[in-house]
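Here the structure is laid out as C-alpha cells; the discussion comes afterwards.
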Amino acid sequence: MDKKNKMEFKKEFVEKLKEAESLLFFTGAGISAESGVPTFRGKDGIWNKLKPEELANFNAFIKNPDMVWEWYQYRRKIVENVEPNPGHYAIAEFENYYKVDVVTQNVDNLHKRAGSTSIEELHGSIVRNFCIDCKTYYYDLDEEFENKVPKCKKCNGLIRPDVVWFGESLRGDAYPNSEQKAKSCDICFVVGTSAIVYPAAYIPITAKEYGAYIVEINLEPTELTPHINYSIFGKSGEILPEILRIVKDRNHN
Ligand code: OAD
C-alpha cells in the first residue's frame, strides 16, 4: 500500500485490465469467508470437523436422510443470515465496465444476491431442492422441515438439496457452459479457492490454455499458484474493490 493506502498492483496486470473486454471470476468458499460462511479446508474448515463421507454423499443421505437434511438446513440458515461482502459486490460492479461471467463452486447464492447476472453454479445451490424420484424442484420449504427430511408432494420421494455431493457428476449444463466462458475470457480471476476439486479446477486451467491472463486472489499459495500469471495474497473482500477502483478511476478520469 502507498501513502494514500491504495494497493499497488503489478504494471503488467494493470495493462491487461486496460486491454481486456471480458472477465471470468472462478470463485470458491474463500470469497464468502468474510461474509461469515465457513470454508471447507484450512484451520477452521468444515471438513476438519465433519466427515464429507457422512454428510455430503448420496449413500449417507439414503442411510440417514434426516441427519443430512438437518445439516443442510443448518448451512442454509447460515447463508440466509449473512450478507454478500465487498468482494461479491465488486464482482457485480465490474459488469459496468466489462462482459463478466462468474463460475462458482459455492452453493450460497451470495453472488446472485450481490447482483451478478451471469453465474454458473458448478456445485449447485443450497436454496434449491429436488425429489430424488420424480425430480420435482422445491424452493421455499416450510419451517416444519427443520430436522426432518421433507417428502415430495407428488410421489412421496425424499427431497434432497440441489448440491453436488462427493462421487456425483456435475448436473445440467453448468460445466460445459463454464468451459465455454473459460475459453473466451481475457482475464480469469481465481478467487478464494484451494483449486483441488475437479472437474471445477479445470476451469482456470482451460482459461489459461486458451490464452487468458490468470490472476489468483487468495490468503495463501494453492496448487494452482505455479500456473498463475499474477498471485495477489490477501483478502478478496479487500483486494477486489481495489482492482475495481483502478478501473473506475481510469473511466472517470
Ligand atoms: P476450500 O475450503 O477448499 O478453500 C478455500 C480457499 O479460500 C483457501 O485456499 C483459503 O486460503 C482461501 N480463503 C479463505 N479466506 C479467504 C479470503 N478472505 N480471501 C481470499 N481467499 C480466502 O474451498 P473451495 O476451494 O471452494 O465441494 O472448495 C472446493 C469444493 O470443495 C467446494 O465447492 C466443496 C468442497 O468439498 C462440494 O461440496 C462438491
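The values are calculated or read from the model by the stated rules, or taken from the named source; none is laboratory data. What you see is a predicted model; the values in this text were computed from it and never measured. Cβ coordinates were reconstructed from backbone atoms using ideal geometry, including for glycine residues, and neighbour counts include every protein chain displayed.
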Inset, instruction - Please work out if residue 243 is among the aliphatic types (A, V, I, L, M) and without any contact (Cβ under 8 Å) to a residue 40 or more places away in the chain. - result: no
Inset, instruction - Name, by its number, the condition in (1) within 16 Å of the ligand (Cβ to nearest atom); (2) surrounded by fewer than 21 Cβ atoms within 10 Å (Cβ to Cβ); (3) assigned to a loop (DSSP other than H, G, I, E, B); (4) of a type outside the set (Asp, Glu) that does not hold for residue 175. - result: (3)
Inset, instruction - Quickly run through the stretch 233-253 and pick out the residues that are within 21 Å of residue 111 (Cα to Cα) and either out of contact with any Pro (no Cβ under 6 Å at 6 or more places or on another chain) or not assigned by TED's automatic domain parsing to the domain that holds residue 195 (or both). - result: 234, 235, 236, 238, 239, 240, 242, 243, 244, 245, 247, 248
Inset, instruction - All but one of (1) modelled with pLDDT of 95 or more; (2) part of a helix (DSSP H, G or I); (3) buried (at least 17 other Cβ atoms within 10 Å of the Cβ) hold for residue 75, so report the exception by its number. - result: (1)
Legend entry - Residues that are in a helix (DSSP H, G or I), surrounded by fewer than 15 Cβ atoms within 10 Å (Cβ to Cβ) and not hydrophobic (A, V, I, L, M, F, W, C), drawn from the stretch 9-26: 11, 12, 15, 18, 19
Inset, instruction - Might you check whether a residue that is of a type in the set (Gly, Ala, Ser), under 30 Å from residue 19 (Cα atoms) and more than 16 Å from the ligand (Cβ to nearest atom) occurs anywhere in the stretch 101-114? - result: no
Legend entry - Members of the stretch 178-199 that are within 15 Å of the ligand (Cβ to nearest atom), crowded, with 17+ Cβ neighbours inside 10 Å and farther than 17 Å from residue 225 by Cβ: 178
Inset, instruction - Give just the number: which of (1) touching a strand residue (DSSP E or B) at 6+ places or on another chain (Cβ under 6 Å); (2) within 16 Å of the ligand (Cβ to nearest atom); (3) in a loop (DSSP other than H, G, I, E, B); (4) not hydrophobic (A, V, I, L, M, F, W, C) does residue 84 not satisfy? - result: (1)
Legend entry - Pairs where the first residue, in the stretch 15-42, is outside the structural domain of residue 193 (by TED's automatic domain parsing) and away from the ligand (no atom under 16 Å from the Cβ) and the second is at pLDDT 95 or above and hydrophobic (A, V, I, L, M, F, W, C), C-beta under 8 Å, 6+ apart: none
Inset, instruction - Write out, first by first residue and then by second, each pair whose Cβ atoms fall under 6 Å of each other, whose residues are 6+ apart or on separate chains, and whose first residue, in the stretch 74-91, is aromatic (Phe, Trp, Tyr) while the second is in a helix (DSSP H, G or I). - result: 89/114
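Identify the residue in the stretch 200-225 that is of a type outside the set (Phe, Trp, Tyr), touching a residue at least 60 places away in the same chain (Cβ under 8 Å) and away from the ligand (no atom under 14 Å from the Cβ) and, among all such residues, is surrounded by the most Cβ atoms within 10 Å (Cβ to Cβ). Reasoning before the result, please.
Just the residues of the stretch 200-225 that are of a type outside the set (Phe, Trp, Tyr), to begin with: 200-201, 203-209, 211-212, 214-225.
Restricting the remaining residues to those that are touching a residue at least 60 places away in the same chain (Cβ under 8 Å) gives 200, 203-204, 207, 212, 215, 218-219.
Of the ones still in play, those that are also away from the ligand (no atom under 14 Å from the Cβ) are 207, 212.
Details: 207: 27, 212: 24.
Among those that are of a type outside the set (Phe, Trp, Tyr), touching a residue at least 60 places away in the same chain (Cβ under 8 Å) and away from the ligand (no atom under 14 Å from the Cβ), it is 207.
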Inset, instruction - Go through the residues of the stretch 147-165 one by one and say whether even a single one is under 13 Å from residue 26 (Cα atoms) and in contact with a Gly (Cβ under 8 Å, 6 or more places away or on another chain). - result: no
